[in-house]
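Asks: Structure incoming, see below.
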Amino acid sequence: AEPPEPALGLLDPYPEPVTVTFSRLLDHATTYPEGVTNDKNGYVQMAKDVLNIECVTKFEANSGEDYDRLTSLAVAGEDLPDFLYIYGNGKGSGLALVKELYENDMIMPLDEVYETYVDDLTRANYESYGDSIWDGVVFDGQKYALPYAAGNFYNMIWIRSDWMRELNITIDDN
């Protein structure tokens, strides 16, 4: 499927609602404040309110084994989400899946999207890895997936709550 054209500019809302589907491998080590979930959070709400994009989870799983099974079913049924999370060790099953999706014409080249929409910080992060970061996701000279690059995610700090209690430290919610 071709991505819809931006309405006016990169951060302008689409004139008609756009639904984007995702797959999710849940991380149960992550906790959220009451009422916040993967599907109900500030990012999802901002996408809806600011961009007119509805984010919908197509499938999710609690374990890698369950996720692999759901992904296999989606591939076999040719019913993939718009954004499919593919995990692996960089040389294993994740890359084999990307190759399978490419060979079966189930994914589109991302070069134009990458060149048009990737911000300078993310681009510099990918470039810092050299060309090898694209090994296994480039076919016929085109990118078909965006590999994991540690620096291209949100910066956050993890503080152990037991240390905070022991040191009598509180964090302002703002």
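Asks: Considering region 35-82 alone, what residues qualify as being of a type in the set (A, V, I, L, M), loosely packed, with under 14 Cβ neighbours inside 10 Å and not in a loop (DSSP other than H, G, I, E, B)?
Replies: At the first step, the residues of region 35-82 found to be of a type in the set (A, V, I, L, M) are 36, 44, 46-47, 50-51, 53, 56, 61, 70, 73-76, 80.
Now drop any that are not loosely packed, with under 14 Cβ neighbours inside 10 Å, which leaves 36, 46, 50, 56, 73, 76.
Matches in region 35-82: M46, V50, V56, L73, A76.
Asks: All but one of (1) closer than 23 Å to A150 by Cβ; (2) part of a helix (DSSP H, G or I) hold for Y85; which doesn't?
Replies: It fails just one condition, (2).
Asks: Next question. Taking the residues in region 96-124 that are in contact with a strand residue (DSSP E or B) (Cβ under 8 Å, 6 or more places away or on another chain) and part of a helix (DSSP H, G or I) as candidates, determine which candidate is least open to solvent (accessible area, probe 1.4 Å). Reasoning before the result, please.
Replies: Restricting attention to region 96-124, the residues satisfying the condition of being in contact with a strand residue (DSSP E or B) (Cβ under 8 Å, 6 or more places away or on another chain) are 99, 102, 109-111, 114.
Those left that are additionally part of a helix (DSSP H, G or I): 99, 102, 111, 114.
On the way: K99: 99, Y102: 56, D111: 37, Y114: 14 Å².
Checked region 96-124; the qualifying residue least open to solvent (accessible area, probe 1.4 Å) is Y114.
Asks: Follow-up question, since we're still on this one. Is it true that E127 is over 27 Å from T30 (Cβ atoms) and open to solvent by 80 Å² or more (accessible area, probe 1.4 Å)? Step through it out loud before you land on a result.
Replies: Numbers: over 27 Å from T30 (Cβ atoms): yes; open to solvent by 80 Å² or more (accessible area, probe 1.4 Å): yes.
Spelling it out, E127 is indeed over 27 Å from T30 (Cβ atoms) and open to solvent by 80 Å² or more (accessible area, probe 1.4 Å).
The values are calculated or read from the model by the stated rules, or taken from the named source; none is laboratory data. As the structure is a prediction and not an experimental result, all values here were calculated from the model. Glycine gets a Cβ as well: all are built from the backbone with ideal geometry, and neighbour counts include every protein chain shown. The area values use the complete protein model at the heavy-atom level, side chains included, leaving out ligands, DNA and RNA. Shrake-Rupley method; radii C 1.70, N 1.55, O 1.52, S 1.80 Å.
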